[in-house]
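The values are calculated or read from the model by the stated rules, or taken from the named source; none is laboratory data. Given the structure is predicted, the values throughout are model-derived calculations rather than measurements. Cβ sites come from the backbone with ideal geometry, for glycine too, and all protein chains shown count toward neighbours. Quick note on the areas: whole protein, heavy atoms, side chains included, nothing else; ligands and nucleic acids left out. Shrake-Rupley method; radii C 1.70, N 1.55, O 1.52, S 1.80 Å.
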Amino acid sequence: MLASRAAAITLPALVLSGPAACQEDPWLAIQPNATGATNYVRRSEIEAFADVSPSNCMLILSDGEEIRVFQKCAPVAAVLKNERLVSFPNEFGMVFVLTSSIFDLVSTNNSGCRLNLKNRKFVSVNQSCESTHQALPRE
């Protein structure tokens, strides 16, 4: 069900830099390819996002829904400006995740680390779990 819903809402997008994207606004504006259309996602629902190809970023929401945007994740991180976000390298760029959303760190057989999230989703990073653990802020 989630996979089909994610496919249905896959958006070619650019994060807007206008008034809807200001820090006080609880919504992140996403501009799809459709001229004149704007879509929104509640900022507080974003738990992680990762570059999943050379030009695509996947937002992972607290309910496990995934929203694909057709741009790199770095501009999304810049708009969110959340000090609780940590970043790690992955195959296509970067992974950004809220530390409070991480459930556990599991080593993969390619010397990487899988960060399992509380919503039962995961993101993979291109460094060991030991290095990932050391980079996490102490709460």
| field | Computed label-point distance, nm, for sites residue 25 and residue 134 using a 7 Å Cα→Cβ extension | value | 4.1
| request: Scan around residue 85 for amide H atoms under 5 Å from its own, H built in the peptide plane at 1.01 Å from N, and keep only partners 5 or more places away or cross-chain. | output: none
| Of the heavy-atom accessible surface of the stretch 56-124 (probe 1.4 angstrom), what whole percent is carbon and sulfur? | 51
| Efficiency by 1/(1 + (r/R0)^6): what FRET value for residue 114 and residue 74, r their Cβ-Cβ distance, R0 = 25 Å, to the nearest 0.05? | 0.70
| Stretched out fully, how many nm does the piece from residue 104 to residue 40 gain, at 0.36 nm a residue minus the Cα gap? | 20.1 nm
| query | Of 49, 122, 92, which has the most accessible area and how do the rest follow, probe 1.4 Å? | reply | 122, 92, 49
| message | Please report the spacing between the Cα centers of the stretch 77-139 and the stretch 55-69 in Å, no decimals. | response | 15
| Relative contact order for the stretch 38-139, counting Cα pairs under 8 Å that sit 6 or more residues apart, in percent | 21
